[in-house]
Amino acid sequence: ELFSTDPNYRAKNFTTNAADRPLVVQFCAHDPHTLLSAAKYVENDCDAVDLNLGCPQNIAKRGHYGAFLMEDWNLIKSMVEILDKECKVPVTCKIRMYDDVQKTIDYAKMLEAAGCQLLTLHGRTRDMKGQQSGLADWSIVKAVKQAVSIPVIANGNLIYLEDVHRCLEYTGADGVMSAEGNLYNAAMFSGKEVPVWDLVDEYLQICRDVNQDAPTARHHLFKMYHAALPQHTDIRDKLSKLSGSEGLSELQNLANEFNARLKRIAAKAKPTDAELTKDQTKDINTAIVSVERAYPYWISQPRCRPGTVTPYGVTSRKRTFHKDGPGGVAVDREAVLAARAERKRRKAEGRESRLHKLCTVCRRNMPSQKSGELKQCGVCIKTLKNKAHHSTDTASKIDSDMEAKVNADVQAKTEVATGGDAKEGPGTVTEAVANADNGTAPGTATRVGGEHEDKKLSSVC
């Protein structure tokens, strides 16, 4: 919606040039007319418009788009139809699979009938994400490809170039798509072992050419350096502290420093055997085709999620074939449990080391320097000051209320005693003092000049 209504948002989030072609622009949406309005702004600068129906993140759930439209086929159909009818360029779709193969096939056929001209299928369900991603099922990609007549792009389990070849051979797909794999290893499709510094320098040059903002570039550098940063925490800390306001020049300076260091280390290192391990199989029924390689950390390489949960158990970082079932991964159970115990131990130590540094009141925030020996955070200091101020105001208010109440009681009882007439003279109430003349005690009152002159009243004082 922002893209279709806010020109500043469009200018910031959509820039292109001739080198980008062919270019597919992807939108997330849940309203056909808003989607069409957004697509109209880009149709002259791209070769296709893609509808993202595969995003599984919580933000997509809150916004009701992406994979969380999978239960609303009528809405999806209406969005694809309006794009196919009104846009100059073809409409494509990216989807995730259902647990049921036939339902996934029917889903793909519905999109094809609505006007989708190219389909990208991620071989994972909506719930398979993050540490629960598991392994993509290539067999469903294969089944969908055989059921529709439009081109099908396979997505999932692409770590090395060999995976690409095996995926295309097994599924019969017309192409592959890589997202995370290509972010961590920009040389993935080359099939070459490329030093990370070459890729970083090339990337930063592209950023300067297209005037890319520094925060986005910084985010990508974390991914490109992912294998090297754990061994060089000082560089990691410097990179994390760059806010982006310094511009690309500061990123380039830091990259130059790190690249020079990596080159020195690489020059002294012994050659590393980066051949495939021998634990391979020709029986590729569904999913994983990657095996572990031994790369030095200054070589651009993929990142494999540790501890991924699959139908066959918890995987280790080593990704190989599972002998007990298709699509599985070899599991080193003892190593997984040991790593889990070590993480828990480090977490507990970190928690203990932080306890004495926390605010003595809330035990959540770091103490403010202004608190001195009290070791209280800014929030608690402010709260305590407000409470003290409130207590002083409350005490003053209580004193005022009590004084007013006493005066009101005196006035009320005076009116009762005088029959509603508070004027002095006969019938008024006066406090008697102890004297020998009337014999009354201090603190009593006597009606003067009334019929019941001798009647005593309790003092209101």
Q: Among the residues of segment 205-228, write down those that are in a helix (DSSP H, G or I), of a type outside the set (F, W, Y) and closer than 17 Å to E250 by Cβ.
A: Q205, C207, R208, A214, P215, T216, A217, R218, H219, H220, L221, M224
Q. If you take the residues of segment 230-284 that are of a type in the set (K, R) and in a loop (DSSP other than H, G, I, E, B), which of them is modelled with the highest pLDDT?
A. K270
Q.
List the residue pairs whose Cβ atoms are under 6 Å apart, where the first residue sits in segment 182-211 and is among the polar types (S, T, N, Q), the second is part of a loop (DSSP other than H, G, I, E, B), and the two are 6 or more positions apart or on different chains.
A. N185/S300; N185/Q301; N185/P302
Q | Where a residue in segment 247-258 is surrounded by fewer than 16 Cβ atoms within 10 Å (Cβ to Cβ) and its partner, wherever it lies, is of a type in the set (D, E, K, R) and in a helix (DSSP H, G or I), with Cβ under 6 Å and at least six apart | A | none
Q: Starting from residues that are without any contact (Cβ under 8 Å) to a residue 24 or more places away in the chain and in a loop (DSSP other than H, G, I, E, B), keep the ones in segment 69-119 and report whichever is surrounded by the fewest Cβ atoms within 10 Å (Cβ to Cβ).
A: E71
Q | Counted residues, segment 168-186 - those being assigned to a loop (DSSP other than H, G, I, E, B) and over 28 Å from the mean Cα position of the chain (by Cα) | A | 3
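Do we have E202 as among the charged types (D, E, K, R) and either at pLDDT below 95 or surrounded by 14 or more Cβ atoms within 10 Å (Cβ to Cβ) (or both) here?
Against the criterion (among the charged types (D, E, K, R) and either at pLDDT below 95 or surrounded by 14 or more Cβ atoms within 10 Å (Cβ to Cβ) (or both)), E202 does not qualify.
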Q | Residue pairs meeting the criteria (Cβ under 6 Å; at least 6 apart or on separate chains; first within 18 Å of Q212 (Cα to Cα), in segment 1-30; second modelled with pLDDT of 90 or more and surrounded by fewer than 15 Cβ atoms within 10 Å (Cβ to Cβ)) | A | L23/D47
**Q.** Residue count, segment 67-114 (criterion: under 16 Å from P32 (Cβ atoms) and either touching a strand residue (DSSP E or B) at 6+ places or on another chain (Cβ under 8 Å) or not aromatic (F, W, Y) (or both))
**A.** 21
Q: Collect the residues in segment 120-133 that are in a loop (DSSP other than H, G, I, E, B) and either small (G, A, S) or not assigned by TED's automatic domain parsing to the domain that holds T104 (or both), keeping them in residue-number order.
A: G123, S133
Q) Out of all the residues in segment 32-68, which are part of a helix (DSSP H, G or I) and under 26 Å from the mean Cα position of the chain (by Cα)? A) T34, L35, A38, N58, I59, A60, K61, R62, G63, G66, A67, F68
Q) Would you call D201 assigned to a helix (DSSP H, G or I), more than 23 Å from T15 (Cβ to Cβ) and not polar (S, T, N, Q)? A) no
Q. For segment 129-182, what are the residues that are among the charged types (D, E, K, R), farther than 18 Å from E112 by Cα and crowded, with 16+ Cβ neighbours inside 10 Å?
A. K129, D137, D163, R166
Q.
Please count how many residues of segment 1-22 are touching a helix residue (DSSP H, G or I) at 6+ places or on another chain (Cβ under 9 Å) and hydrophobic (A, V, I, L, M, F, W, C).
A. 4
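The values are calculated or read from the model by the stated rules, or taken from the named source; none is laboratory data. Computed from a predicted structure; not experimentally measured. A quick note on method: Cβ atoms are made from the backbone with ideal geometry, for glycine too, and the neighbour counts reach across all protein chains shown.
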